[in-house]
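These notes concern the structure reproduced below.
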Amino acid sequence: MEIVTGDKNKILRTRSETITEITPEILRLIKEMKETLLNAENGVGLAAPQIGKNIRLFIAAEDIAKEGHTVFINPEITQISKKLIPEEEGCLSLPGEWHELSRADKVTIKAMDEKGEKFKIRVKGILARLMLHEVDHLNGTLFVDHLKHK
């Protein structure tokens, strides 16, 4: 599975569609996305638009998510902390680009897993950054859009 690249790419700039049913095709896509992320250098998350599918789905690397959720279907951020943390951030769709970006330290997100079960979690640190970054992808936004000089 190839990762879509380029900050002008239309797929990366389009708001993704809500998933209405978890089909065998969606489950296959999740499996392939996990394999793609596992093989990606420096990757901690992967959104469906990054592999050419404009649907509201992203995955988190298991070593980052630890024992938590790794599949997020139709995610929605419901709370964002006011405290911002500056950190270097990159993106598999913008290879070689790393910039310091301030993001919220804590977020609450609700979503559905690959079994169709709804969940809500509150995360902080790198996981909060990951959630915000991947939800941005689903909304057609790239991390470089948040930089002050752009």
Residues of the range 99-122 being buried (at least 20 other Cβ atoms within 10 Å of the Cβ), aliphatic (A, V, I, L, M) and farther than 13 Å from Asn74 by Cβ, in sequence order, are Leu101, Val107
The strands (runs of 3 or more DSSP E) lying wholly within the range 1-115 that contain at least 1 residues that are basic (Lys, Arg), over 15 Å from the mean Cα position of the chain (by Cα) and over 17 Å from His133 (Cβ atoms) are none
ask   = Being surrounded by 20 or more Cβ atoms within 10 Å (Cβ to Cβ), part of a helix (DSSP H, G or I) and among the aromatic types (Phe, Trp, Tyr), is that true of even one residue in the range 127-143?
value = yes
Here the qualifying pairs (Cβ atoms under 7 Å; residues six or more apart or on different chains; first in the range 69-83 and closer than 13 Å to Thr18 by Cβ; second polar (S, T, N, Q)) come out as Asn74/Thr18
Checked the range 67-98 for anything among the hydrophobic types (A, V, I, L, M, F, W, C), surrounded by 14 or more Cβ atoms within 10 Å (Cβ to Cβ) and within 21 Å of Ala40 (Cβ to Cβ); matches are Val71, Phe72, Ile73, Cys91, Leu92, Leu94
Practice problem: Return a yes/no flag: does the range 86-101 have any residue that is of a type in the set (Ser, Thr, Tyr), more than 20 Å from Met33 (Cβ to Cβ) and modelled with pLDDT of 95 or more. | Solution: no
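The values are calculated or read from the model by the stated rules, or taken from the named source; none is laboratory data. Just so it is clear, the structure is predicted and the values come from calculations on it, not from any experiment. Cβ: placed from backbone, ideal geometry, glycine included. Neighbour counts: every protein chain shown.
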